[in-house]
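The values are calculated or read from the model by the stated rules, or taken from the named source; none is laboratory data. Here the structure is a predicted model, which means the values were calculated and not measured. For neighbour counting, all protein chains shown are included, and Cβ atoms are generated from backbone atoms with ideal geometry for every residue, glycine included.
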C-alpha cells in the first residue's frame, strides 16, 4: 500500500487548497483554543432531502481517524474513547478519499475545501463552519414556523420546546429538552430554567442559575454558516427554528 494514502486527512486537504488565513492567525487560533482539534463533515443520507432526522456525520481527527456518529452531549471531552458509534480511517489520495470502517466504505471526491461528493450518490458532505464564540439573538423552537402558525399550542408563559438567547450571553430555556410537557419539572435535569451560555468546540454550554450545567452539540446545517440570527441550527442533532 502506498504510505501516502494514509497521511492525515486534514493535512492533505489543507495542502490541496489555498489557505485563507496566515500561519500566524492559524497558530493564534490554536493557542487560544478556538480552533477545534477535528473537522466535522455533515450530509444527508441517501434519499433524504430536508429530512433533518436522517443525517450522517463524519468527525475527522488530524491523523485521519474518524467517528461516524454525533456526540449529542457535545465535543468538550471528545477523544478516541468516544462510544456510541464506529471509528474508521479517512484516507486521501489527490482529490479522492475513502471513509472506511467495519460497516461502510464511502468514496468521495473533493469539490472544494468545504464540500465532498459521495461517489455514486447525489447527496454530498459539507465541512461545518466553526461556531466558537458565537452569540445568538432569538428564540429557537423545535416546531417549524412556530411564530406564525395559527394553531401554535402554547401560551407565552407555558413550558414549550423553546430556548431563547441574547447577545449578552443569557438564555431562557422554556423546555427545550423536556419530554413530557404536562409535567415539565418531572425530570429535574431537563426542566426549564435560565442562566448564561457559551459556544465552543461545536458545543453549547448552558450554565443554569440553579447550578445545573448542560452541554449539547451545536452547529449549523450543511454548508450554511451560523450567524447570530440564523433561522435554523442543530442542537444535539435536532433542528431548532428561529421563526
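Odds and ends about this structure:
- Test: residue in segment 77-95 that is closer than 24 Å to residue 142 by Cβ and either in the same structural domain as residue 203 (by TED's automatic domain parsing) or out of contact with any helix residue (DSSP H, G or I) (no Cβ under 8 Å at 6 or more places or on another chain) (or both): yes
- Summed over segment 69-118, the residues that are part of a loop (DSSP other than H, G, I, E, B), closer than 13 Å to residue 59 by Cβ and touching a strand residue (DSSP E or B) at 6+ places or on another chain (Cβ under 8 Å) give a count of 12.
- Segment 41-87, residues that are loosely packed, with under 14 Cβ neighbours inside 10 Å and modelled with pLDDT of 90 or more: 62, 72, 76, 77, 79, 80, 81, 83, 84, 86
- Selected residue (only one of 185, 165 is closer than 25 Å to residue 227 by Cβ and without any contact (Cβ under 8 Å) to a residue 40 or more places away in the chain): 165
- If you go through segment 223-241 and keep only what is surrounded by fewer than 19 Cβ atoms within 10 Å (Cβ to Cβ) and part of a loop (DSSP other than H, G, I, E, B), you end up with 223, 225, 227, 228, 229, 231, 236, 237.
- Assessment of segment 112-120 against the conditions (surrounded by fewer than 16 Cβ atoms within 10 Å (Cβ to Cβ) and touching a helix residue (DSSP H, G or I) at 6+ places or on another chain (Cβ under 8 Å)) yields at least one matching residue.
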